[in-house]
Amino acid sequence: MLQSERLQTFIALGDFLRSAEAQPELTEIAHRAHARNNWFTVANSLNALSAIADEFLTAQKLTDWASSYRPEPDSPKQVGVVMAGNIPAVGFHDLLCVLMSGHTLLAKLSSQDFVLIHYLIQKIKEFNPAFDSLIVEAERLNAAEAYIATGSNNSARYFDYYFASKPHIIRKNRSSVALLIGEESDDELLKLDHDLSGYYGLGCRNVSTLLVPEGYDFTPLLRTLEPLAKRYLDNHKYQNNYDYNKSIYLINGVPHYDNGYLLVTENDALVSPISVVYYHTYQTQDDARDWLDAHKSQIQVVASAQGWLPGSVPFGRTQRPGLTDYADGIDTMAFLSKL
């Protein structure tokens with residue numbers, strides 16, 4: 001299959017996902033995803049599908065992206081992908097990369113995100129039946145000639161061992177950071193909510209650490225976000241996490257801020273529990289930049305108001321990556337082009 005045919009298939013998928021006639025079907029699929037995984041609310045699944053359509057699958061974006069890489073591999077390979085399942089349809093970008101690069105996809109779907117990814121695979125095959133032989137959902141990936149795997153730091157050690165003899169990309173735990181200077185408007189702070197708590201904070205692109213100046217007043221942030229409490233506490237799983245973490249902090253006397261659904265506490269770690277965001281203080285903006293540089297191997301994305309910090313994204317955009325926003329900063333398409 002030529003690149004032009006692959007390109008047209010994904011353009012057609014994007015057009016479908018954005019179409020009005022698709023919405024009843026997408027809503028039904030979102031309900032099925034929620035029935036299987038209570039973290040995947042209907043609204044969050046629909047939001048993820050919308051982000052895929054708008055950020056990945058427009059004709060212009062796909063064409064510009066694909067033009068930066070070799071159109072066809074010298075010899076198509078079978079690429080095994082161990083997909084994450086922490087947020088809705090999170091494995092789609094790897095799927096897109098493997099297929100657009102001209103290789104065959106052997107996909108081990110996450111049980112947590114089976115419904116949405118399986119649905120998207122079926123739609124791809126529906127738009128272009130030639131993909132029937134190029135997409136295989138598999139429990140075992142022994143036949144793969146290269147691997148892409150995403151998981152925890154523990155599972156990454158397992159992947160490194162078993163995939164050592166083949167070309168591979170192994171992704172570990174990362175989290176994201178928001179840099180504040182204390183002059184952000186209420187509107188900017190409201191946008192930050194999407195980065196902090198969108199998808200209940202379960203993604204590696206969710207902000208789990210706030211980098212704030214010494215003496216930072218958390219009142220404007222907590223006050224601005226407080227009216228959003230019901231949005232998150234309506235999910236009993238989130239409510240349980242919030243109640244548990246709050247009780248632990250109270251029992252142990254851990255200093256923290258609390259606006260009714262979000263707990264903020266100072267901690268040097270980067271990965272915070274659900275319903276909790278950590279903060280770290282800095283004296284000067286140069287200190288903040290040095291801290292970010294020292295922790296860059298653990299950070300997925302940095303956010304700042306209106307993206308003023310070079311290399312950062314604006315508040316509200318951490319969970320809307322583009323085609324070239326490769327996980328862990330590793331160019332997946334370049335890796336696949338060299339197989």
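Results, tabulated for the structure shown:
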{"read-out": "Alpha-carbon centroid distance for the pair the stretch 33-82 / the stretch 118-182, whole angstrom", "value": "12 Å"}
{"read-out": "Residues Trp308 and Tyr162, FRET efficiency given R0 of 51 Å [Cβ-Cβ distance, rounded to 0.05]", "value": "0.75"}
{"read-out": "Cross-link table Lys61/Lys166; Lys77/Lys108; Lys61/Lys296; Lys246/Lys296, entries beyond 22 Å C-alpha to C-alpha", "value": "Lys61/Lys166; Lys61/Lys296; Lys246/Lys296"}
{"read-out": "Using a Förster distance of 35 Å, the FRET efficiency for Glu145-Ala59 (Cβ separation, nearest 0.05)", "value": "0.65"}
{"read-out": "Beta bridge orientation in the stretch 256-339: antiparallel %, DSSP, nearest 5", "value": "25 percent"}
{"read-out": "Accessible surface, the chain, averaged per residue in Å² (probe 1.4 Å)", "value": "45 Å²"}
{"read-out": "Computed Kirkwood radius, in angstrom, where 1/r is averaged over Cα pairs of the stretch 122-165", "value": "12.6 Å"}
{"read-out": "nm² value of the averaged projected area, convex hull over the Cα atoms of the stretch 56-126", "value": "5.1 nm²"}
{"read-out": "Gained length - Asp243 relative to Ser50, 0.36 nm times residue gap less alpha-carbon distance", "value": "66.3 nm"}
{"read-out": "Trypsin sites (Lys or Arg not before Pro) restricted to the stretch 139-209 and DSSP loop, no more than 16 other C-beta within 10 Å", "value": "Arg140"}
{"read-out": "Net charge dipole size for the chain [Lys, Arg +1 and Asp, Glu -1 on Cβ; Debye, nearest 20]", "value": "1020 debye"}
{"read-out": "Calculated Rg and Dmax of the Cα atoms in Å (choose from [x] 20.6, 62; [y] 43.6, 132; [z] 20.8, 73), label", "value": "[x]"}
{"read-out": "Extension gain from Ala294 to Asp15, taking 0.36 nm per residue of separation minus the Cα-Cα distance", "value": "96.2 nm"}
{"read-out": "Glu226 versus Gln285: modelled label distance in nm, points set 7 Å from Cα along the beta carbon direction", "value": "3.1 nm"}
{"read-out": "Gln122 versus His31: modelled label distance in nm, points set 7 Å from Cα along the beta carbon direction", "value": "1.5 nm"}
{"read-out": "FRET efficiency for Gln3 and Val254, using Cβ-Cβ distance with R0 set to 56 Å, rounded to 0.05", "value": "0.55"}
{"read-out": "At most 13 other Cβ within 10 Å, DSSP loop - GluC sites (Glu not before Pro), the stretch 96-139", "value": "Glu139"}
{"read-out": "Net length gained if the chain between Asp217 and Ser67 were fully extended (0.36 nm per residue, minus Cα distance)", "value": "49.3 nm"}
{"read-out": "Heavy-atom accessible surface of the stretch 109-252: percent carbon and sulfur, 1.4 Å", "value": "50 percent"}
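The values are calculated or read from the model by the stated rules, or taken from the named source; none is laboratory data. As the structure is a computational prediction, the values presented were derived from the model and not from experiment. All Cβ positions, even for glycine, are placed from backbone atoms using ideal geometry, and neighbour counts span all protein chains on display. Quick note on the areas: whole protein, heavy atoms, side chains included, nothing else; ligands and nucleic acids left out. Shrake-Rupley method; radii C 1.70, N 1.55, O 1.52, S 1.80 Å.
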